Each structure stands twice: as C-alpha cells, then as structure tokens.
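The values are calculated or read from the model by the stated rules, or taken from the named source; none is laboratory data. Because the structure is predicted, anything quoted here is derived from the model rather than measured. Cβ placement follows ideal geometry from the backbone for every residue including glycine, while neighbour counts extend to all protein chains displayed.
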Amino acid sequence: SAVISQKPSRDICQRGTSLTIQCQVDSQVTMMFWYRQQPGQSLTLIATANQGSEATYESGFVIDKFPISRPNLTFSTLTVSNMSPEDSSIYLCSVEHSATNEKLFFGSGTQLSVL
Amino acid sequence: GNSVTQMEGPVTLSEEAFLTINCTYTATGYPSLFWYVQYPGEGLQLLLKATKADDKGSNKGFEATYRKETTSFHLEKGSVQVSDSAVYFCALSGNTGNQFYFGTGTSLTVIP
C-alpha cells in the first residue's frame, strides 16, 4: 500500500490570501491527483499532478487559481490562491499505486475554512 | 457522461442491524465500481470493488454486487458494529483514463 502524509490537516485563512497544501508519499508513484470535497457534495477532481511538467486540469479549474507542483515521484503541492469563502472545502491528495491491486489511495485531507 | 447517485444520509442504526446503502450509476462502456470508507479524521480507504458485471466485492463483512441490468452497486452488511460508523462513498472508474466519479457520501452512525 501507499502511505500519504498531507499537511496542514486544517487551516483557517483570510479572504484574499493563499494556502499551499503538501502531499508526501512513502513510495514512488506515477499518478498523483488533487480532489476537492465541498460540504455535502461528492469529491471532484481538480487536476492530475504530472512529474516534471504542468498539471492537467479538469473543466472548471485553472492553473492561476490552483497552481500545482510535482518536483518528483513522491511529492506534490496544491496552492489555493486568492481565496474566497467559496473555496472552503476539504482538499484531498490521491495516488494511484501501480504495484498494488488498489486503484487509489487517499491522504487524510486538508480542511480549509476561508473567512 | 459518467455519474454516481448515492443514497442520502445520515443513516443511524442499532448494533447488529442490517445495512443497505444504495448506489446507482450512469456510465459509458464498462466501468469498475468501488466503495470507499472514510473513518473520522482519516482519509478515504478502499472497502471493496468489482470490475465487471455480476462480480461481488466483499471485505470486512460488507458486500456489493455489480448489477449491470439495474446499473447498481448497493452496499450491504448483515450485522453492523459501532466500529462501522463512518462515511461511505460509492465510486466508478471509467474504462478510459484515470477519472474517478464519486457519490456524495452516506454517513453511517451505529449506536450500541
């Protein structure tokens, strides 16, 4: 299995500021993803973090708002920029571990509240 | 397109009661189907999965059968325990790409 450490686990931020969320995996993985879980809603894929190149964003998400880094096969960051209260959500890092039969592993998430 | 519709919660059951959480899906092609569980303060964990029609996934006493004719993947457990209290997510993965589609989650509370 893959163990994912995500931090911070929660934060309360002011409108207009930015927050960077870190995701560290205990083994090299090919695919890393960032999801958002808004209150009372399902998980929505924000983007696929690509090692050594720009992330691939899903419809409705843009790089200027959610810049993503992936410097190597075990680490990624997601920044939520110029935050507004609508960005209050749980943000989840996820990886696909090709060496196991389990498709997706998830971090414990970052609970973000924007005032 | 692909989507998952999941029974809304919250669900509260007494210990040893029978559990069913309904899940239906819309998909093109032949998706794989999953149930994930999220215990308080933790990330999502895979509970069980099924990759083709009529497959039954099972784990920890939970079961779900991939029913193509009814496009369903209902989660069942014969006798729930307090430790089963968690949020349960139904999900599908299409047969192209890595996109997962999740239901909204069903919160289950089991009381002694």
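Would you mind finding the one in B:Y30, B:Y36 that is among the aromatic types (F, W, Y) and either crowded, with 16+ Cβ neighbours inside 10 Å or closer than 18 Å to B:G105 by Cα (or both)?
B:Y36
Given (1) surrounded by fewer than 21 Cβ atoms within 10 Å (Cβ to Cβ); (2) under 20 Å from B:G43 (Cα atoms); (3) at pLDDT 95 or above, identify the lone condition not met by A:D26.
The number of the failed condition is (3).
Within segment A:90-99, does at least one residue satisfy the condition of being surrounded by fewer than 17 Cβ atoms within 10 Å (Cβ to Cβ) and more than 12 Å from chain B (Cβ to nearest Cβ)?
Within segment A:90-99 (the criterion being surrounded by fewer than 17 Cβ atoms within 10 Å (Cβ to Cβ) and more than 12 Å from chain B (Cβ to nearest Cβ)), the answer is yes, since at least one residue qualifies.
Need at least 1 residues that are at pLDDT 90 or above and of a type in the set (K, R) per element, so show me which strands (runs of 3 or more DSSP E) inside segment A:31-115 make the cut, counting only ones lying wholly within it.
Here the list reads A:31-37, A:68-72.
What are the pairs with Cβ atoms under 8 angstrom where one residue, in segment A:15-43, is in contact (Cβ under 8 Å) with a residue 60 or more places away in the chain and more than 22 Å from A:G60 (Cα to Cα) and the other, located anywhere, is in a loop (DSSP other than H, G, I, E, B) and hydroxyl-bearing (S, T, Y)? Sequence gap at least six, or different chains.
Hits for this filter: A:V25/A:T74; A:S27/A:T74; A:V29/A:T74; A:V29/A:S98; A:T30/A:S98.
Among the numbered criteria (1) farther than 19 Å from A:L112 by Cβ; (2) within 12 Å of chain B (Cβ to nearest Cβ), which one does A:Q41 miss?
With (1) farther than 19 Å from A:L112 by Cβ; (2) within 12 Å of chain B (Cβ to nearest Cβ) applied to A:Q41, the lone miss is (1).
Mind listing just one residue for me: the one in segment A:1-30 that is away from chain B (no Cβ under 14 Å) and in a strand (DSSP E or B) and, of those, farthest from A:S113 (Cα to Cα)?
A:Q22
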